[in-house]
Amino acid sequence: MILNIGRNDNNLTVIDIAKKIKNAVKGSEIFLLNKQKDLNSSLITDRKIKNGKDARTYKVSFNKMKKKFTNYRCRYTIQQGIEKMIKELMKLKLNKKIFFNKKFYRLQYFEYLHKKKLIDNSLKWIS
């Protein structure tokens, strides 16, 4: 059984989350990669987006989780998660070298591990 862990009021689009992050990080800006040639990198380009359109839906349901674990309550809001992530990134002393490391990009890192035959098609480690 697959369960999404969270709460329905945290169901936001990627651009809405980006706007919240922009508001939380002084001096930050939002750039759309398809419009910023100088920022384009194979690591930060999402290959699931074609011609500026993302066909995936990010809307998830937490109803199954609520039914299965009736006493569980997700304590964090998106804003609290953003604030926690900012604190953790500050501890990393995030710089361009870290930012452009493939380990910083989940899907691209999975692709790398798969290409190197370190994980299989189900993303399990190959012994």
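The values are calculated or read from the model by the stated rules, or taken from the named source; none is laboratory data. Here the structure is a predicted model, which means the values were calculated and not measured. Glycine also receives a Cβ, built like all others from the backbone with ideal geometry; neighbour counts cover every protein chain displayed.
Tallying residues that are of a type outside the set (Val, Ile, Thr) and within 19 Å of Ala24 (Cβ to Cβ) within the range 68-103 yields 17. Of all residues in the range 95-104, at least one satisfies being surrounded by 10 or more Cβ atoms within 10 Å (Cβ to Cβ), of a type in the set (Val, Ile, Thr), touching a Leu at 6+ places or on another chain (Cβ under 9 Å) and modelled with pLDDT of 80 or more. Of the residues that make up the range 22-45, is at least one surrounded by 13 or more Cβ atoms within 10 Å (Cβ to Cβ), modelled with pLDDT of 90 or more and either within 27 Å of Gly6 (Cβ to Cβ) or not charged (D, E, K, R) (or both)? Checked against the condition, which is being surrounded by 13 or more Cβ atoms within 10 Å (Cβ to Cβ), modelled with pLDDT of 90 or more and either within 27 Å of Gly6 (Cβ to Cβ) or not charged (D, E, K, R) (or both), the range 22-45 yields at least one hit.
Tallying residues that are polar (S, T, N, Q), more than 19 Å from Ala18 (Cβ to Cβ) and under 17 Å from the mean Cα position of the chain (by Cα) within the range 79-107 yields 1.
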